[in-house]
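To keep things clear, I will list the structure first and then write my remarks on it.
The values are calculated or read from the model by the stated rules, or taken from the named source; none is laboratory data. This structure is a prediction, so every number in the text was calculated from the model and none was measured. Backbone-built Cβ (ideal geometry, glycine too); neighbour counts: all protein chains shown. Accessible surface areas use protein heavy atoms only, side chains included; no ligands, DNA or RNA. Shrake-Rupley method; radii C 1.70, N 1.55, O 1.52, S 1.80 Å.
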Amino acid sequence: MFMGVIIEAVDLHKYYYMKGWVVKALQGVNLSIFRGEYLSIMGPSGSGKTTLFNMIGGLDRPTRGKVIVDGVDLSSLNDYDLAMFRCFKVGYVFQTFNLIPFLTALDNVMLPMVFAGLSVEERRRRAIELLNIVGLGDRLHHKPDELSGGQQQRVALARALANNPSILLADEPTGNLDLATGFKIVSLMKDLNVKNGITVVCATHDMKILGVSDRIAWIRDGVIERIEPRRTVEITFEELFEEPPKL
């Protein structure tokens, strides 16, 4: 179904040392992610989802073990090469949007392309194209505080796609959104996954992510408990709103 492995975590450990005691955020994670798949990393708060997300995205370095992306061991990269990896290979979507408050939606999306060396004209053309894709073509010149939470997350998604990444990492992308808006963001990410072939890795505890996932990796206490394919029954918007049967 998928064309080989694009991301591989091998015996991945991450420890944080705090005033004489050790927090073992990851404890020997082994995980292979296929090119073009939509993988959800599910688990409760504090399970290690975000730490694993940061390792895969090159935002942090492991205490032990390694992450291999397209055959490259991220631990072998110096700071400059790691920055280039983050610039061109991966797009990031965060729970808190992380938009620059004094920039418009257009400028926020254009910003990553500055580091990629694109001309002003090309940056503007591509940013407008991406904002149209996420349904914000009429909000180009609005600043974050003039947008709803869902609109801000759409801007963040457009920004994540600015440099044509092959991997999209989303860390709790629906965490600050209401149910209906969150469902739209999830559907949009799945659409990009299917149409553009982008590999999506989504760290979340939001059950509505299950309906669009190809596989789900369940993590608890820094360990992958199991990996399973998506349930055969899709989770629809109506089902998410349906009240449970009364006993």
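Of the chymotrypsin sites (Phe, Trp or Tyr not before Pro) found in segment 93-188, those that fall in a DSSP loop while having at most 12 other beta-carbon atoms within 10 Å are Phe102.
Please work out the Kirkwood hydrodynamic radius for segment 1-86, using every pair of different C-alpha atoms, and report it in angstroms with one decimal place. Please report the intermediate quantities before stating the final value.
On the way: mean 1/r = 0.0730 Å⁻¹.
The Cα-based Kirkwood calculation yields 13.7 Å.
In the chain, the DSSP-assigned H stretches of four residues or longer account for a calculated mean residue ellipticity at 222 nm of -9500 deg cm²/dmol, using -39500 (n - 2.57) per stretch and the full residue count as denominator. If R0 equals 45 Å, the separation of the Cβ atoms of Val120 and Arg215 corresponds to a calculated FRET efficiency of about 0.65. Solvent exposure of segment 93-134, expressed per residue, is 52 Å² of accessible area, with all protein chains present and a 1.4 angstrom probe. The modelled label-to-label distance for the pair Tyr15/Arg64, using points 7 Å beyond Cα in the direction of Cβ, is 0.7 nm.
Using all pairs of distinct alpha-carbon atoms, the Kirkwood hydrodynamic radius of the chain works out to 18.8 angstrom.
Quote the Stokes-Einstein diffusion coefficient, in whole µm² s⁻¹, for segment 1-48, based on the Kirkwood radius over alpha carbon pairs, a temperature of 10 °C and a viscosity of 1.306 mPa s. For these conditions, the coefficient is 124 µm²/s. Entry note, the chain: relative contact order of 26 percent, from Cα contacts under 8 Å with a spacing of 6+ residues.
With the simple spin-label model, which puts each label point 7 Å out from Cα in the Cβ direction, the Leu111 to Ser148 separation comes to 2.4 nm.
Reducing segment 25-56 and segment 75-150 to their Cα centroids gives an inter-centroid distance of 24 Å.
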